[in-house]
1. I need the phi-derived Karplus couplings for segment 253-266: 6.51 cos²θ - 1.76 cosθ + 1.60, θ = phi - 60°, integer Hz, Gly and Pro marked x.
2. Cut-off 10 angstrom, C-alpha nodes, Gaussian network model of the chain. Which of Phe180, Phe68, Phe24 fluctuates the most?
3. Looking only at Arg114, Arg261, Arg340, which one moves most when the chain is put into a Gaussian network model with springs between Cα atoms under 10 Å?
4. Tell me the net charge near Ile219. Cut-off is 14 Å between Cβ atoms, Ile219 excluded, with +1 for each Lys or Arg and -1 for each Asp or Glu.
5. Between segment 296-327 and segment 1-72, what is the C-alpha centre distance in whole Å?
6. List, in order, the whole-Hz ³J(HN,Hα) value for each residue of segment 50-65 obtained from phi through the Karplus relation with A = 6.51, B = -1.76, C = 1.60 and θ = phi - 60°; use x for Gly and Pro.
7. What base-10 log of the normalised intensity I(q)/I(0) is obtained for segment 137-181 from the Debye formula, alpha carbons as equal point scatterers, at q = 0.19, 0.21, 0.34 Å⁻¹?
8. Rounded to whole Hz and in sequence order, give me ³J(HN,Hα) for segment 165-171 from the Karplus expression 6.51 cos²θ - 1.76 cosθ + 1.60, θ = phi - 60°, writing x for Gly and Pro.
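Here, each number is a calculation from the coordinates, and none is a lab measurement. All values reported here derive from a predicted model rather than from experimental measurement. Cβ: placed from backbone, ideal geometry, glycine included. Neighbour counts: every protein chain shown.
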Amino acid sequence: MKADFYETLGVQKGADEKELKAAFRKLAMQFHPDRNPGDQACEHKFKEIGEAYETLKDPQKRAAYDRFGHAAFENGGMNGGGQGFGAGGFADIFEDIFGDMMGGGRQRRSSGGRERGADLRYNMEITLEEAYAGKTAQIHVPASISCTDCSGSGAKPGTQPVTCSMCGGNGRVRAAQGFFSIERTCPTCHGRGQTIKDPCSKCAGQGRVTEERSLSVNIPAGIEDGTRIRLSNEGEAGLRGGPSGDLYIFLSVKPHEFFQRDGADLYCKVPISMTTAALGGQFEVATLDGTQTRVKVPEGTQNGRQFRLKSKGMPVLRQPNIGDLYIQVAVETPQNLSKRQRELLEEFEQLSSKDNSPQSSGFFARMKDFFESFGE
Ligand SMILES: [Zn+2]
Ligand SMILES: [Zn+2]
């Protein structure tokens, strides 16, 4: 019975990377064979520590171990004392466990030499207006598809792939080396278990050909930047009749000149003149539904004030509700004054009282008190 990896390292199950590393270092120093020459027990312990750390430091392996325990690695030649930890044995098992989940070019071998096609990635950029309304996009994917001549088998029409004589269809061959018996991928069929005597001429025995495919993809209204759309079986065709991979569309929404998006809500900064802010007024904003909305600016509006336009934001994916549009005004201080304008503003200044600018008057009065408190 093999010891628990966490117990071997003396850490809690939730230990983070740092804790694992520290525990491993400490134990590895303690049980290192150089420090304990000829001590079989120490050597065994040293190997156990190494194997535990090799497994737990790798998030994927750790996840598999947490889920399946030692069984996750049992057919990988990691027996007993864990000879040769870190050897290639892991990779195959991990593909078996994670192959379906990971996607991303991993190819699973199955009997008959069939291989799952690779997953494809397609980057699509849309405008905010398109994200608002939704759209049907035509995309062209250069992808290999199953060969029609040989139905994907790779063998010349009328012939069949034959079982590999080297490995008897196993895909792996065993060889003895000293005391050990090692198993490796069959060099004749490269692990497929079958060989093709007469390859199909159209696909050169690959079972697939490259063609450009056109797909029509429905982009729903309200879709967000960074969304990944998965189209099952629209990736690369499998080899020799294996299943197709998936096509992933990575969607990004272009930044908009006027609107910033936060979920379903939109934000728009609108510069208004000082006089509009002071006297009151109105302006119009165009919204994504193609209409214009009037915003009334009340007298004495301060810089940064927000106005909410209900249901003028973005639609929510597969829901009937629509977000809001927030208009934030930025009061613009007048520049390049004429002589006459300057005179008027100077006159205005002379006529001004504390009531015209309660915020700044109040602020400076409080600031003065604060300063004077130091003298007390
Ligand atoms: Zn073919
Ligand atoms: Zn073979």
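1. 9, 4, x, 9, 5, 10, 10, 9, 10, 9, x, 8, 8, 10
2. Maximum fluctuation in the GNM of the chain, among the listed residues, is at Phe180.
3. In this elastic network of the chain, the residue with the biggest mean-square fluctuation among Arg114, Arg261, Arg340 is Arg340.
4. Within the 14 Å Cβ shell, the charges total 0.
5. The distance from the Cα centre of segment 296-327 to that of segment 1-72 comes to 57 Å.
6. x, 5, 4, 5, 3, 6, 6, 6, 9, x, 5, 5, 4, 4, 5, 5
7. So the normalised log intensities work out to -0.78, -0.84, -1.09.
8. 6, 5, 10, x, x, 6, x
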